[in-house]
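Everything on this sheet refers to the single structure shown next.
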């Protein structure tokens, strides 16, 4: 984990608790820096969350403060999840919600990997 200001990081958020083993998850893959697990409320046939094991609030925090090994592992894990879930060839979407306007619900960086069926338009303009 990078040593950085974590004043905005809530270590009681659900993903921090999953990482500590306080809440179970349906693990899809894991490495030294990253955990991938099934979303408990899937929006598509395949819906996996990929999170860094470090305490990063969002993409900006991670990009600014995570060490190169963490960033590389996180990126590789997203591609690995697509492979192991069988959605790499048919296509998938990767989404990160950041902040209030982005509708981020958990203050721990996470990427949604969605696929297994059409995921629809990128943004509803209505």
Study note, to complete from the structure: If one compares the long axis through the Cα atoms of helix 68-84 with the longest principal axis of the Cα atoms of the chain, the angle in degrees, nearest 10, works out at 30 degrees
**Study point:** Cα shape, segment 14-115, gyration tensor, a/c 1.5 rule
**Key:** rounded
Check your understanding: Per residue of the chain, what 222 nm ellipticity follows from adding -39500 (n - 2.57) for every DSSP H run with n ≥ 4, rounded to the nearest 500?
Key -> -7000 deg cm²/dmol
Check your understanding: Points 7 angstrom from Cα along the Cβ direction at residue 106 and residue 10: gap in nanometres?
Key -> 1.3 nm
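Read the figures in this text as sums done on the coordinates, not as results from a lab. No experiment lies behind these values; they were computed from the predicted model shown. Glycine also receives a Cβ, built like all others from the backbone with ideal geometry; neighbour counts cover every protein chain displayed.
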